[in-house]
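Here it is: the structure, laid out below.
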Amino acid sequence: MTMYVPALLRFTDAEEQLNFMQKYSFATLLSYDGERIAGSHLPLVPTREEDGIVLLGHLAKSNEQGRLQHGADCLVVFSGPHAYISPRYYDRADSVPTWDYVALHAYGTFRIEADKKMAIMERTIRYFEEEYMTQWTSLPMAYKEKMMEHIVAFSIRVSRIEGQKKLSQNKKPEEIERMKRDFAGGTDPYAQDLARYFMVGGGE
């Protein structure tokens, strides 16, 4: 498996990659069992440990990927801001539309964490809504344990990351500035978010 990334568009800064995964943490988990490709859309908790990045999450047992084998290879896709790029931003009339975006592919090993279900669930709660922990801790333990019976908690130890920032790096600084200014002042939240990534002059 590999991601198509032209050299000019490579997104390689390790710290920025982690920050990106943490910001856009609702990701797509993809796996292949030798016959079929399966995918699930999941909230994940990306963390940095001593030996690298680990993604924590859980699946419903009824989900086909809930039967994914311990040690299986998998791919997690993190998608960030994106926007249609109109030729009206360019100086040349003989220009065509395109699409700019930022995305990461994280490859790793799926590990079932049967003895860490509660810990992973509580870490997920703290990550997305710390305030809910008060209500969570007040719930009867029997109720929470019953819920745990219906999920598969897992970790994915990331072995390789491929990223791409397609931000019109091949265009003139003044053309990029037009996009950045227009997107930042517009009403499309995806385009507004993308504007923060543009660098006049192109490149990282």
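With springs connecting C-alpha atoms under 10 Å apart, model the chain as a Gaussian network and identify which of Glu177, Glu35, Glu131 has the largest mean-square fluctuation.
Among Glu177, Glu35, Glu131, the largest mean-square fluctuation in the Gaussian network model of the chain belongs to Glu35.
Any idea how far apart Thr109 and Gln192 come out in nm if each label point goes 7 Å out from Cα toward Cβ?
4.3 nm
Run the quick spin-label model on His70 and Asp13: label points 7 Å from Cα toward the beta carbon, then report their separation in nm to one decimal.
Using points 7 Å along Cα→Cβ, the separation is 3.9 nm.
Something else about it: Return the whole-Å distance between the Cα centroid of region 92-107 and the Cα centroid of region 146-204.
After rounding, the separation between the Cα centres reads 11 Å.
For every other residue with a beta carbon closer than 13 angstrom to the beta carbon of Glu174, add +1 if it is Lys or Arg and -1 if Asp or Glu, then tell me the sum.
It works out to a net charge of +2.
Taking only protein heavy atoms into account and a 1.4 Å probe, give the accessible area per residue of the chain in Å².
Numbers: 11490 Å² over 204 residues.
It amounts to 56 Å² per residue over the chain.
With each label point set 7 Å from Cα along the Cα-Cβ vector, what nm distance links Met141 and Arg160?
Computed distance between label sites Met141 and Arg160 equals 4.5 nm.
For Cα extents along the principal axes in Å, the choices are [x] 66, 41, 32; [y] 50, 41, 28; [z] 58, 35, 30; which was calculated from the structure?
Comparing each candidate, only [x] matches the computed number.
Another question, then. Which parts of region 76-98 would a label at Arg178 reach, counting a residue when its backbone N lies under 18 Å from a point 7 Å out along Cα-to-Cβ?
83-98
One quarter of the convex hull surface, Cα atoms only: what value does that give for region 41-108 in nm²?
Working: hull surface 30.2 nm².
With the hull built on Cα positions only, its mean projection is 7.5 nm².
How much of the accessible area of the chain, probe 1.4 Å, is carbon plus sulfur, in whole percent?
Answer for the chain is 52 percent, counting heavy atoms of protein chains only.
Could you check how many percent of all C-alpha pairs in region 106-155 are farther apart than 16 Å?
Working: 564 of 1225 pairs.
Everything past 16 Å amounts to 46 percent.
In whole Hz and in residue order, list the ³J(HN,Hα) couplings for region 139-153 that follow from phi through the Karplus curve 6.51 cos²θ - 1.76 cosθ + 1.60, θ = phi - 60°; x for Gly and Pro.
So the Karplus estimates, Gly and Pro as x, are 6, x, 4, 4, 5, 5, 5, 5, 4, 4, 5, 9, 10, 10, 8 Hz.
The values are calculated or read from the model by the stated rules, or taken from the named source; none is laboratory data. Computed from a predicted structure; not experimentally measured. Cβ coordinates were reconstructed from backbone atoms using ideal geometry, including for glycine residues, and neighbour counts include every protein chain displayed. Note: areas computed on protein heavy atoms with side chains; ligands, DNA, RNA excluded. Shrake-Rupley method; radii C 1.70, N 1.55, O 1.52, S 1.80 Å.
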